[in-house]
Amino acid sequence: MSDKRDPHHFENDAALIAAMLEGDSTAFETAVALYHPKMVTIAKAIIGEAFAEEIAQDAWISAIRSLSEFAGRSSLNTWLIQITANAAKTRLRREKRQVSLDENWQKKETDDRFDHTGHWQEPVSQWELETPEAILANDQLSDIISKTFEQLPPQQQAVLSLYDLEGESMSEICNILDLSASNARVLLHRARSAIQQKIAQYQDND
Amino acid sequence: MLKCRQIEQLASDYLDKDLSFRQRMAFKLHLFICHNCRNYVRQLKITITSIKLMPANQIIVDDKTKALAKVLRENASKQ
């Protein structure tokens, strides 16, 4: 059984935290629904699929333990992401293993959109739906964007989520995910490009 | 002269204003003469804004969410 709720049921972080400290079950459910998927994404990006859920749950336990001391210097979202990232990095060191995440993402791939001279194989057309509002108003396209986002490799999804959705700075993202600036920018572009190509496919076939 | 493939690779950096002055000029020069790349950069820009505007109108509270929330609430009440 699942139900849909308004993410703005609690006016702000302070109201949500106050309700959690009072033991309000709706507050806990709202917090978990809002932040747990993001925390799992961050953990996956750092340590991989196998440990991500466990790391995110452990991060919650630590966060709840110090919730009353949360001073609001950052948003609750940023605070939870930092706790998760730290837990994942600690676990990664303990496991002493190299985690292979976005398989071969550093490898130069052949991109069949271009010919051997580096020009576009096919003409790039102007989209018929050519405003973000028109795209998001189209249920199928909106669905395509969400699905493509969910299927991105963990590191791409984490960078895109932090940069384009959360508005974090690139330096903060590199710090959270332990990435170099150039790697983070490549991951960001690949993630955006994957979504652009899916939208293009839909618009070209329509 | 930049090739279309390089324009594709640099497009996010261009839109995020993360190119050096020289790279930016070379990028703009290519866009001036290549309508395919102009369309591509426009498509990417629309994509990025669409991603940023993805609505977060509702959250899904499923059984897994409720179970974790319950564990956390019980944990909090023990403190």
| query | Out of the residues in the range A:68-89 that are surrounded by fewer than 19 Cβ atoms within 10 Å (Cβ to Cβ), in contact with a helix residue (DSSP H, G or I) (Cβ under 9 Å, 6 or more places away or on another chain) and outside any loop (DSSP other than H, G, I, E, B), which is farthest from the other protein chains (Cβ to nearest Cβ)? | reply | A:89
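Check whether at least one residue in the range A:138-146 is surrounded by 18 or more Cβ atoms within 10 Å (Cβ to Cβ) and more than 23 Å from residue B:16 (Cα to Cα), and report yes or no. Walk me through it before giving the result.
From the range A:138-146, those surrounded by 18 or more Cβ atoms within 10 Å (Cβ to Cβ) are A:141, A:145; that's our starting set.
The next check asks that each one be more than 23 Å from residue B:16 (Cα to Cα); those that pass are A:141.
Yes, some residue in the range A:138-146 is surrounded by 18 or more Cβ atoms within 10 Å (Cβ to Cβ) and more than 23 Å from residue B:16 (Cα to Cα).
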| remark: Flagged in the range B:13-35 as surrounded by 15 or more Cβ atoms within 10 Å (Cβ to Cβ) and under 19 Å from residue A:113 (Cβ atoms), in numbering order, are B:13, B:14, B:15, B:27, B:30, B:31, B:34
| note | Those residues of the range B:1-26 that are of a type in the set (D, E, K, R) and assigned to a helix (DSSP H, G or I) come to a total of 5
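Yes or no: residue A:172 surrounded by fewer than 18 Cβ atoms within 10 Å (Cβ to Cβ) and either farther than 25 Å from residue A:113 by Cβ or among the charged types (D, E, K, R) (or both)? Give the derivation first.
Details: surrounded by fewer than 18 Cβ atoms within 10 Å (Cβ to Cβ): yes; either farther than 25 Å from residue A:113 by Cβ or among the charged types (D, E, K, R) (or both): yes.
Yes, satisfied.
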| Is there a residue in the range A:180-196 that is modelled with pLDDT of 95 or more and not in a helix (DSSP H, G or I)? | yes
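Which is surrounded by fewer than 20 Cβ atoms within 10 Å (Cβ to Cβ), closer than 19 Å to residue B:62 by Cβ and within 13 Å of chain B (Cβ to nearest Cβ), of A:62, A:25?
On the way: A:62 fails: closer than 19 Å to residue B:62 by Cβ.
Step by step, each of A:62, A:25 is checked, and only A:25 is surrounded by fewer than 20 Cβ atoms within 10 Å (Cβ to Cβ), closer than 19 Å to residue B:62 by Cβ and within 13 Å of chain B (Cβ to nearest Cβ).
The values are calculated or read from the model by the stated rules, or taken from the named source; none is laboratory data. The structure presented is a predicted model; accordingly, all values stated were derived computationally and were not measured. We place every Cβ from the backbone using ideal geometry, glycine too, and count neighbours over all the protein chains shown.
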